[in-house]
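Structure record follows, encoded as structure tokens.
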Amino acid sequence: MKKISLLGATGSIGIQTVDILRNNKDSFQLVALSSGKNIEKTREIIDDLQPELVSVQQEQDAIQLQKEYPHIHFTFGTKGLVEVATHSDSTVLVNAVLGSVGLESTLAAIRMGKTIAIANKETLVTAGHLVMAEARKYNVAILPVDSEHSAIFQSMNGENPKQIERLVLTASGGSFRDKTREQLKDVTVKDALNHPNWSMGAKITIDSATMMNKGLEVIEAHVLFNMPFEKIDVLLHKESIIHSLVEYHDTSVIAQLGTPDMRVPIQYALSYPDRLPLVGGNRLNLAQIGQLHFKEVDFDRFRALKLAYDAGRAGGSVLTAMNAANEAAVALFLEEKITFLQIEEIIEQVMNDHQNILMPDLETILHVDSETRKTVASMVK
């Protein structure tokens, strides 16, 4: 029985994680969770899985829930995230929150020796050097939840990492993969949220449309697998059947395939090194699919991906600036305050203006994150 702390229980990844926990109560127990403002969904999870500790975003919600569930301890805010992450009974932390808010709680959990199942790109992008250093210090496993990194992780099982020639992350291309840059000028939020393959939250779906999502994943792969950027490629693959590939020195290529279902990598991270049957999973039928398509990435077309590569190669605090600018710009686009193409324009301007600090500490990362968001807000007033 693995005891789980879950950050971001009511988000897209969190809900799918809850589904896995619900279907495998003999294998997993949810002991602590955090959620945001979706209190009805939080109540559903509490009623079903009966956690010991729950953190919500706002204090008034915590007070109300405490009256309804007196046998459960409630907390709130950033402090609450850390409490959930460091719950004394849990052995595994699933970090499924969006944005850089998951950083401090992840570091706190590592220092308590908990296994980290990480679906939060921003934690590794902005502070990968800190996270991996702490993981090595405390002998903690960092298990990827993203489908691409899970695929790489699975394709490396039993292999010598020193014999890897390159990593290849596949990308669907997102909602606008068949549009030219000229056609992107007038796209709407509704258009952008219509992902052809995956069911994801709004922020990640927009990141997929800009391909910043893939850029963040390239940086994650660099951090997780200690691979130089010149050995990490991206390949457009519109079916999302091959989730990523690993090429070895002898020209062998090992890939992980499956139907597009985020529950597969989530469950693998939770059950590793074992595999459990996936309740309600669709099996892959290659004969029925017939063909798989691949295409090289055009960096002029997908400029956000190039910006992420540039930030990754530079390293340092520019990674935090890039990530915070992206988060802030995506939020503005979702609020229909900027156009789709302005997202990458804002990111590029922030990166060009940033004074880079190599090997930033946690305080510096949090400061750069906060200041960058203020800068982006001032750019659209």
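Among the residues making up region 244-266, those that are in contact with a strand residue (DSSP E or B) (Cβ under 6 Å, 6 or more places away or on another chain) and under 20 Å from residue 295 (Cα atoms) are 244, 245, 246, 247, 253, 254, 255, 256, 257.
Residues that are in contact with a helix residue (DSSP H, G or I) (Cβ under 9 Å, 6 or more places away or on another chain) and either not in a helix (DSSP H, G or I) or not acidic (Asp, Glu) (or both) within region 338-354 comprise 338, 339, 340, 341, 342, 343, 346, 347, 349, 350, 351, 354, listed in sequence order. Scoring residue 23 on the criteria (1) closer than 18 Å to residue 266 by Cα; (2) within 20 Å of the chain's Cα centre (by Cα) leaves a single failure, condition (2).
Looking only at region 65-111, residues that are open to solvent by 30 Å² or more (accessible area, probe 1.4 Å) and farther than 16 Å from residue 126 by Cα come to 16 in all.
Among the residues that make up region 186-194, is at least one of them in a helix (DSSP H, G or I), touching a strand residue (DSSP E or B) at 6+ places or on another chain (Cβ under 7 Å) and open to solvent by 30 Å² or more (accessible area, probe 1.4 Å)? Give the derivation first.
Step one: list which residues in region 186-194 are in a helix (DSSP H, G or I), which gives 186, 189-192.
Those left that are additionally touching a strand residue (DSSP E or B) at 6+ places or on another chain (Cβ under 7 Å): none.
No.
If you go through region 357-381 and keep only what is within 9 Å of residue 321 (Cβ to Cβ) and open to solvent by 70 Å² or more (accessible area, probe 1.4 Å), you end up with just 371.
Taking the criterion of being open to solvent by less than 10 Å² (accessible area, probe 1.4 Å) and touching a residue at least 60 places away in the same chain (Cβ under 8 Å), the residues of region 323-334 that qualify are 323, 324, 326, 330, 333. Specify the residue that is farthest from residue 222 (Cα to Cα); the eligible residues are those in region 124-158 that are in contact with a helix residue (DSSP H, G or I) (Cβ under 9 Å, 6 or more places away or on another chain) and open to solvent by 70 Å² or more (accessible area, probe 1.4 Å). Checked region 124-158; the qualifying residue farthest from residue 222 (Cα to Cα) is 138.
Among the residues making up region 335-355, those that are open to solvent by 60 Å² or more (accessible area, probe 1.4 Å) and of a type outside the set (S, T, N, Q) are 335, 336, 337, 345, 348, 353.
Consider region 255-270 and keep the residues that are in a strand (DSSP E or B) and touching a residue at least 40 places away in the same chain (Cβ under 8 Å). The one that is nearest to residue 90 (Cα to Cα) is 256. Right, residue 17: open to solvent by less than 30 Å² (accessible area, probe 1.4 Å) and not charged (D, E, K, R) or not? The answer is yes for residue 17.
Condition (residue is in a loop (DSSP other than H, G, I, E, B), modelled with pLDDT of 85 or more and open to solvent by 70 Å² or more (accessible area, probe 1.4 Å)) applied to region 159-166: is it met by at least one residue?
Yes.
Out of curiosity, is residue 294 open to solvent by less than 10 Å² (accessible area, probe 1.4 Å) and either among the hydroxyl-bearing types (Ser, Thr, Tyr) or under 23 Å from residue 209 (Cα atoms) (or both)?
Numbers: open to solvent by less than 10 Å² (accessible area, probe 1.4 Å): no; either among the hydroxyl-bearing types (Ser, Thr, Tyr) or under 23 Å from residue 209 (Cα atoms) (or both): yes.
Criteria not met by residue 294.
Of the residues that sit in region 29-46 and are open to solvent by less than 10 Å² (accessible area, probe 1.4 Å) and not hydroxyl-bearing (Ser, Thr, Tyr), which one is nearest to residue 101 (Cα to Cα)?
Of region 29-46, the ones open to solvent by less than 10 Å² (accessible area, probe 1.4 Å) are 30-34, 42, 45-46.
After this cut, where a residue has to be not hydroxyl-bearing (Ser, Thr, Tyr) as well, the list is 30-33, 45-46.
Working: 30: 21, 31: 21, 32: 17, 33: 15, 45: 22, 46: 23 Å.
The extreme case among them is 33.
The values are calculated or read from the model by the stated rules, or taken from the named source; none is laboratory data. Everything numeric in this text was worked out from a predicted model, so none of it was measured. Cβ: placed from backbone, ideal geometry, glycine included. Neighbour counts: every protein chain shown. Only protein heavy atoms, including side chains, enter the accessible area calculation; ligands, DNA and RNA are left aside. Shrake-Rupley method; radii C 1.70, N 1.55, O 1.52, S 1.80 Å.
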